[in-house]
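Beneath this line is the structure, given in structure tokens, with notes to follow.
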Amino acid sequence: KWLWLFALCFHWGFFFTVVRHLRFFTDPAPAFLGMWEAIDGVFWVDLQRLYLTGVLLLLGITALFIRRLYLDKVRYISLVQDFFPLVLIMGIAISGMSLRYLTHADVNAIKELAMGWVNFSFAVPDATISVIFYFHLALVCTLLIYFPTSKLMHAAGVFMSPTRNMANNNRMVR
């Protein structure tokens with residue numbers, strides 16, 4: 001049950017964190033994002049919102065990583081391919097949260113850079129962007145490159161499951 005709880009925390013936290021990042025790639029930002037940010041950021045820390053989905057993402061991925069390290073049976077069957085995405089996503093979450101809460105990144109400059117990518121008008125913004133942002137971006141790009149060929153595609157595997165695609169006629173055929 002703990003595995004399910006932390007897996008749900010991770011997956012929903014990751015999903016809503018990715019959705020919240022749409023504000024960097026759309027101009028103007030969709031109306032539902034403002035409503036979602038008001039719900040998600042109900043707690044205020046240091047005069048800014050503490051997004052609960054970011055905390056859920058980090059809590060879930062950390063718990064899944066610790067589970068893989070400390071349960072003997074799980075550690076025995078774990079490979080580097082199992083630890084790599086966990087460490088990668090944990091690095092993305094930590095660098096993203098540090099951008100938000102520790103270094104206070106220039107959001108306008110980051111949005112200008114992201115909108116340049118969307119519009120194919122590549123221009124370096126005037127303001128200085130933190131090095132942590134580029135580290136965060138490199139980790140995200142690594143995850144996007146790694147994702148299609150990894151075990152992380154388990155969501156697409158649901159549609160290729162034999163229980164969905166094969167006829168339930170084993171006794172009739174025999």
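Rounded to the nearest 10 degrees, the angle from helix 107-119 to the longest Cα principal axis of the chain is 60 degrees. To the nearest ten degrees, helix 80-101 and the longest principal axis of the Cα atoms of the chain are 30 degrees apart. Per atom type, region 1-134 shows carbon and sulfur on 73% of its accessible surface, probed at 1.4 Å.
Just report the Cα centroid separation between region 67-125 and region 136-159, whole Å. If you average the Cα positions of each part, the centres end up 12 Å apart.
Where does the Debye-calculated log10 I(q)/I(0) of region 85-156 sit at q = 0.16, 0.17 Å⁻¹, using only Cα point scatterers of equal weight, no solvent? Log-scaled intensity ratios, in q order: -0.66, -0.73. Computed from Cα positions, the angle between helix 2-20 and the longest principal axis of the chain comes to roughly 40 degrees. What is the diffusion coefficient of the chain in µm²/s, taking the Kirkwood radius over Cα pairs and the Stokes-Einstein relation at 37 °C with a viscosity of 0.692 mPa s? It diffuses with D of about 176 µm²/s by this estimate. Solvent exposure of the chain amounts to 70 Å² per residue of accessible area, where only protein heavy atoms count and the probe is 1.4 Å.
The values are calculated or read from the model by the stated rules, or taken from the named source; none is laboratory data. Keep in mind that this is a model prediction, so the values were computed, not measured. These area figures cover heavy atoms from the full protein model, side chains too; ligands, DNA and RNA do not enter into them. Shrake-Rupley method; radii C 1.70, N 1.55, O 1.52, S 1.80 Å.
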